[in-house]
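I have placed the structure first, in the form of structure tokens, so that the comments after it can refer back to it.
The values are calculated or read from the model by the stated rules, or taken from the named source; none is laboratory data. The shown structure was predicted, so the numbers you read here are calculated from the model rather than taken from an experiment. Here the Cβ is made from the backbone with ideal geometry for all residues, glycine too, and neighbour counts use every protein chain on show. Protein only, heavy atoms only, side chains kept; ligands, DNA and RNA dropped before computing areas. Shrake-Rupley method; radii C 1.70, N 1.55, O 1.52, S 1.80 Å.
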Amino acid sequence: MGYVETLEPGHFTLADLETLPDDGKRYEVVDGMLLVTPAPLPIHQTAVLELAVALRERCPEDLKVFVAPVDFRPTPTRSVQPDVLVCRREDVGRQTIVKPLLLAVEVLSQSTSLADRVLKRRLYEQAGVTSYWIFDPAEEELTVLELEGETYVERAVVVGKEAFEADLPFPVRIVPADIVV
């Protein structure tokens, strides 16, 4: 029996994350619940890499682009790891990022689709993440949400060879079909 099976559901802490195995899975904690994501498929990792490269090429010097696993800890009971994120350089801590992100990107997979569309959307919204992108590699679809007040508003849904010209967190052009090549 592993460590994960010995803890009661709903009682995980951020400190527990430090004791979990480095086994290729992604471990996140949300208000006492442990979220475990299996190692991603090649199409997922291709999309993560291509999105990160596209963002990095246009990223201003005062900002930083990361790919998971990097902990974003917006509250003392939440640790999540967006597939790709953009934050201010000054907000990068030694081990985690706690200040609101400028962009969180989740690449959908069969095991994460519901959590990314519902749970992560709510978490990022509550944490004040300025922009949230959801990329579906199977459909070559990018959904762009931007914070308006305290609520996300859908700004765009682009598919295939359609281009999205982002303003947030900085100007960048994303073509979904080019992300899954």
Completion exercise
Per the filter on region 18-50, residues open to solvent by less than 40 Å² (accessible area, probe 1.4 Å) and either part of a loop (DSSP other than H, G, I, E, B) or at pLDDT 85 or above (or both) are 20, 27, 29, 30, 32, 34, 44, 47, 48
Problem - region 94-135, subset under 22 Å from residue 34 (Cβ atoms) and small (Gly, Ala, Ser), residue farthest from the chain's Cα centre (by Cα) - result: 111
Practice task
Name every residue in region 149-172 that is under 22 Å from residue 87 (Cα atoms), within 19 Å of the chain's Cα centre (by Cα) and assigned to a strand (DSSP E or B), in order of residue number.
Solution key: 151, 152, 153, 154, 155, 156, 164, 166, 172
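From 79, 131, which residue is at pLDDT below 95, hydroxyl-bearing (Ser, Thr, Tyr) and open to solvent by less than 10 Å² (accessible area, probe 1.4 Å)? Walk me through it before giving the result.
Details: 131 fails: at pLDDT below 95.
Unique residue meeting the criteria: 79.
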Practice task
With the condition kept exactly as written, say whether any residue in region 140-163 is in contact (Cβ under 8 Å) with a residue 60 or more places away in the chain and closer than 23 Å to residue 43 by Cα.
Solution key: no
Exercise for the section: Kindly list the number of the only condition in (1) among the hydroxyl-bearing types (Ser, Thr, Tyr); (2) buried (at least 18 other Cβ atoms within 10 Å of the Cβ); (3) modelled with pLDDT of 95 or more that fails for residue 109. Expected result: (3)
Practice task
Looking for whichever is surrounded by fewer than 13 Cβ atoms within 10 Å (Cβ to Cβ), touching a strand residue (DSSP E or B) at 6+ places or on another chain (Cβ under 8 Å) and more than 26 Å from residue 23 (Cβ to Cβ) here; the options are 86, 153. Which one fits?
Solution key: 153
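Pick out the one residue from 70, 53, 86 that is of a type in the set (A, V, I, L, M) and in a loop (DSSP other than H, G, I, E, B). Spell out the reasoning first.
Details: 53 fails: in a loop (DSSP other than H, G, I, E, B); 86 fails: in a loop (DSSP other than H, G, I, E, B).
Testing whether each residue is of a type in the set (A, V, I, L, M) and in a loop (DSSP other than H, G, I, E, B) leaves just 70.
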